[in-house]
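No value in this document is a laboratory result; all are computed from the given coordinates. These numbers come from a predicted model, not from an experiment. Neighbour counts are summed over all protein chains in view; Cβ atoms, including those assigned to glycine, are modelled from backbone coordinates with ideal geometry.
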Amino acid sequence: MGRPRQFDEERAVESACRTFWAQGFDGTSTEDLCRATGLNRSSLYNTFQSKEVLFRRALMHYVTTTSARQDAHLHVPGKSGLERISSLLSAIAEDEGTKLAAGDTSGCFTVNTITTLANRNPEVAQLIEDDLRRRLSALSAAVLSGQRDGSIVEDRDPDDVAWYVTTLISGMRISAQSGADRKVLDTLATTAVLTLAA
């Protein structure tokens, strides 16, 4: 019978997520992960097998968390489809503005991974693609709901609008990394809402 683990595995994944997010896969060493998780090298590899496996766990934690936050804005009873999308975009502007004010320019973990690792790691690429499909589906449903309740223009394909909103969110995050302040981010969100309004 193996000895019980003396640590919280999910908390270790969260700590690794923050480290990978800030430094990227290539920029994160085993020593960095040991410091972040509080595990020694042996325990780290006994638990997670490899740096790559831990990275995938960390990325899954991130996409699950961000998808849940998106869903919280897109599934609010009593709000129109446009109000739901507006709420999501405002939250993105607030998040990025808060990070920028704190000097955090880490951006989006998913976007960072797409541009650095996904093209050479099929498993990571698949994880990101699955997450993208889930988020696009939720956005498309919100757009269709908005078209049915009259808040969103009807002459656009909901799937195309979902891609537009997803691309805008990524652009807002990258703009924040480049120094766009909260006012700019709020303007981007407001402009998108005005573009979609019926």
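Neighbours of residue 97 by Cβ distance under 15 Å: Lys/Arg scored +1, Asp/Glu scored -1, total -2. The packing ranking, built from the mean of other Cβ atoms within 10 Å per residue, places the peptides 50-58, 123-131 in the order 50-58, 123-131, highest first. Between residue 148 and residue 111, the FRET efficiency estimated from the beta carbon spacing at R0 = 25 angstrom works out to 0.20. In the chain, the calculated helix contribution to ellipticity at 222 nm averages -25500 deg cm²/dmol per residue, counting -39,500 (n - 2.57) for every DSSP H run with n ≥ 4. For the chain, the Stokes-Einstein estimate of translational diffusion at 10 °C and a viscosity of 1.306 mPa s comes to 87 µm²/s, using the Kirkwood hydrodynamic radius over alpha-carbon pairs. About the centre of its Cα atoms, the chain shows a dipole size close to 560 debye [charges on the beta carbon of Lys, Arg (+1) and Asp, Glu (-1) only; nearest 20 debye]. Calculate how steeply helix 122-149 sits against the longest principal axis of the alpha-carbon atoms of the chain, using the helix alpha-carbon long axis, and give the answer as 0 to 90 degrees to the nearest 10. Roughly 20 degrees between the two axes.
Calculate, in nm to one decimal, what residue 195 and residue 29 gain on full extension: separation in residues at 0.36 nm each, minus their alpha carbon distance.
Length gained, residue 195 through residue 29: 55.3 nm.
The simple spin-label model puts a point 7 Å past each Cα toward its Cβ; for residue 120 and residue 159 those points are separated by 3.3 nm. A simple spin-label model places the labels of residue 76 and residue 91 0.9 nm from each other, with each point 7 Å out along Cα-to-Cβ. The relative contact order of the chain, computed from alpha carbon pairs under 8 Å that lie at least 6 residues apart in sequence, is 24 percent. Along the axis of the charge dipole computed for the stretch 56-196 (Cβ charges of +1 for Lys and Arg, -1 for Asp and Glu, origin at the Cα centre), the listed residues 127, 139, 184 are led at the positive end by 127. Length gained on full extension, residue 187 to residue 50: 45.0 nm, using 0.36 nm per residue less the C-alpha separation.
Dividing the Cα radius of gyration by the Kirkwood radius, what Rg/Rh value follows for the stretch 1-116? Answer for the stretch 1-116: 1.07.
Taking a straight Cα-Cα cut-off under 23 Å and skipping sequence neighbours fewer than 8 places away in the same chain, the lysines within cross-link reach of residue 99 are 183.
Between residue 136 and residue 98, the contour length at 0.36 nm per residue exceeds the alpha carbon distance by 11.1 nm.
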